[in-house]
Structures are given as C-alpha cells and as structure tokens.
1. Please list, in order along segment 163-173, the HN-Hα scalar couplings obtained from phi with the Karplus expression 6.51 cos²θ - 1.76 cosθ + 1.60 (θ = phi - 60°), rounded to whole Hz, x for Gly and Pro.
2. At 222 nm, what helix-only mean residue ellipticity would the chain give, in deg cm²/dmol to the nearest 500, using -39500 (n - 2.57) for each DSSP H run of four or more?
3. Would you mind working out the magnitude of the charge dipole of segment 352-409 relative to its Cα centre, with +1 at each Lys and Arg C-beta and -1 at each Asp and Glu C-beta, to the nearest 20 Debye?
4. Do you know the relative contact order of segment 352-409, to the nearest whole percent, from alpha carbon pairs under 8 angstrom that are 6+ apart?
5. Among 323, 127, 73, pick out the residue whose Cα is farthest towards the positive end of the charge dipole of the chain, where Lys and Arg carry +1 and Asp and Glu carry -1 on C-beta, about the Cα centre.
6. Which whole-Hz ³J(HN,Hα) couplings does segment 104-121 yield from phi under the Karplus relation 6.51 cos²θ - 1.76 cosθ + 1.60, θ = phi - 60°, glycine and proline marked x?
7. If you take every DSSP beta bridge fully contained in segment 12-350, what fraction is antiparallel? Give it as a percent rounded to 5.
8. Quick one: compute the contact order of the chain, relative version, from alpha carbon pairs under 8 angstrom and 6+ residues apart, as a percent.
Amino acid sequence: MRLPVLSITDVAERGLCCGCGACAAVDARIEMVDDLEHGRRPVVTGGRDADTSDALRVCPGVALEHDPGARRAPGVIRELFPGFGPVLALWEGHAADPEIRFAGSSGGAASALALHGLEREGLAGVLHIAARQDAPHLNRTVLSTTRRELLDRTGSRYAPASPCDGLGLIEEAPGPCVFIGKPCDAAAVLKARRMRPALDAKLGLTIAFFCAGTPSTRGTFEMLRRMGVEDPRRLISLRYRGNGWPGLATAVWRDGAGAERSATLTYEQSWGEILTNYKQWRCKVCADHTGEFADVAVGDPWHRPVESGGPGLSLILARTPRGRDFIERAIESGALEASPVEPGALPASQPNLLKTRGAVWGRSLASRLCGVPAPRHRGLAMFRFWLTRLSTMEKIRSLAGTARRIAAGGLRRPRPVVPMPVEAGAPTGAAVEDAA
C-alpha cells in the first residue's frame, strides 16, 4: 500500500528529503539535524500532527517543475532544454584572481562571481556552506561578506549541507545577497522566494553547482578511515577538493600523542571509490544535476584533459537574463576570464547525465510500483532519454535493480530521523553563523 506524503515528517521518513533546509527557514518549529546514515534531516516540534503546509510548499524533495512556458522563453537554447533545462548562454573560464582559481574546486567561477557581487555590485553577502570549526567533517551555513571569508570557505563539500536553513540571514541583510548551493537548494530557493516577497527582494543572484549526489556522513567517516583517521573528533581540517583541479581530498588531524598528521586521496579515490557509494536515496531519483532552477550554474568541463593539480576551468551557464547579465558584467570588470562556447560543450562535459536522466524515469516508475513515493518532475524530460539513451539491460536494471534496492533497504517502511549523538563527534542541530 502506498502511504501518502502529507507533512515534512513524511518527506523525511519516506526518502524524499534532500536536506536543503528550506522547510526550517519558513517554519520556526522545524530544526535540521545530522542523521549519520541519511544526511541532514528536518525534525518537527509537534511531530506528525503539526501543520507543515508552508514547509511542503518550498520542498524540492516532493516536486521539481519548470513553468509551462520555460522552454519557449526568449533566448533559451531549445536543443539543450529537454536534457538540461533553460540555458541562455555558455562560457568556459575561470576566476581571474589566481588564488581563487587555485582554491576553487574547478576554475573558481562561483567564488569569482560571488566576489564580484560583493566588490563591484554592492551586494551585502554570500550565503553558502563552510566546514564547521568544531567538527570539520560537518557543514554549516555561513554569510560571507569579504574576500577573505570567501577564500577561506572555497572548495566542494561532499557531505550533507542545508544552506537554505540560513535564508533568514538574507532576509535580514542590509542589501541583496548571493546564494550558492546544490541544484536542489536552488530549486528550494526559487520556491521560497515566490512565497516570501521579503526574500525575493534580497536575492541578487542564485548560483548552483553541478551535483552527482550528496553522500551521507557515514561516507565521510569511511573516507577518513581510509586515510587513517580513526576518530573524527581529532580532525583539524578537511577538504574534499580544491587547491588544484580536480584537487585532493585532504585531512589534517592530531593523533593520540598530539602530533599533527595529514593524508590525501585523489578525486578518483575519494569520490569515485568511496563517497559515491553513500549517496542518499533522494539523489538517485533526481533529474536535475546541473542547477536548472538557478540564475547561474557552474560545473567541471570534463571533456577537456585534466592535469592533476593544474589550474582549473569552469563551465558556466546563464539560466536566466539576470544570470546572463551578471556574468557579462563580471567578465567586463575583469573578475572572470571566460569565453563563449557552443551548446554542445554542455553534453560533452557531462556525457553521462542524459543517461542518468533516463534511468531516473525507470527508478521513479519502479518506486511507485513498489509503493515508495517518488518526486514529481514536470517540465524535465526523462522518458525520451530512458527510451533512447539506455540499452535494454540498462532499462531492465533501472526497473528491477530499483525494486531490489527498495526491498533490500526497507524503503517501503518509514525510517525515523535519528540525530547523531554528541559523543560521536557530531553535535546535533544546525550551526548557522552570521559572519557579517
């Protein structure tokens, strides 16, 4: 029997939550906590009987949908829309500041655009994610207001994060701000700004980075174990990428004798061999991996040869007129060095995403047939890619493999949120910092 999804508690317990934190931003009774196995999850004061209808309205885990006329909007590149959503223009480039380019996960384009907003556009802050100072393997939401703060907080964080739980900081800021987050985070922000005029007025730009899924904290613990870190509470710092392209995962910690130690893993080792195996369920049924609901989206141009540790490049997409104009001003000001590229650069850079999009259609169908809720995707084509991009065996795997995974993982039963205990080196609750 298929159970209905009627509340944010249902979203969290039925595998639809992506951990963005938007529900906590619009409903003060909701707190985001760290669940070791599943990621950031909402806990509602009042439990299942609490009315969380406003929170459901901003939840990207339940549904992602483009406006009916999005494909025909002026300037949208028609050939890209079915697989990648609205794109008005594409560039390849990098931060002009060499320090930002080196520290960023690819070419530092997101950080360069954010800094341009602070220094040239008069924006008041940048809401994004940084490592927690008390627990570097966990994330916190921060509002950066200076170049130094942005630079100290660069680099991908392949761990659960809830940047939308800090949207109130944008509403309270003295002027418009930049938001940086995952595709699901950007989708949540778009929903929230439509509901909250005060937030809409304070959003100067939204930036999403390409995403292949969010690993749970259990994945980070496994990566640290592979590095030789037995106790995460001894961590001094942890970077997942950056300081060269694609960059090394780097942990620094103190051993039992108090001596400082460090270890690294390549991107292929950290992501490809470990973290990708711990992605939350919602990511496996998500069709948006390239930030279709943001003003700007950035990602790795993987179609180019990568010299490990070399200076990075970013693929930069303008998804709205606001985003296109902002990018052009950043290039004109010298904050961003970028050149236009043809539309084909996007599928070439992310060659597996159309196949993934097709597989999501099969996984979603199998989920519903098994009585497990799946997100609604409207305006995001999937079935055509299931037909055209997947082999017969891959089609079968998207259906039968999902059914097996549902049975093995017990996904038909609600799974209550279990906050990580303090003694595990992972204090519960959100850690939102206003750095202004």
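Each value in this text was obtained by applying a stated rule to the coordinates, not by laboratory testing. Keep in mind the model is a prediction, meaning the values are calculated, not measured. FYI the Cβ positions are ideal-geometry reconstructions off the backbone, even for glycines, and counts take in every protein chain you see.
1. Couplings: x, 6, 5, x, 4, x, 5, 5, 4, 8, 5 Hz.
2. Working: 18 runs with 138 residues, N = 436.
Calculated from helices alone, the mean residue ellipticity at 222 nm is -8500 deg cm²/dmol.
3. Values: 12 positive and 1 negative charges, 21 e Å.
Dipole size: approximately 100 debye.
4. Values: 53 pairs, mean separation 28.7, N = 58.
Answer for segment 352-409 is 49 percent.
5. Of 323, 127, 73, it is 73.
6. Once θ is set to phi - 60°, the couplings for segment 104-121 become x, 5, 10, x, x, 5, 4, 5, 5, 5, 5, 5, 4, x, 6, 8, 10, 9 Hz.
7. Values: 38 of 50 bridges.
Close to 75 percent.
8. 24 percent
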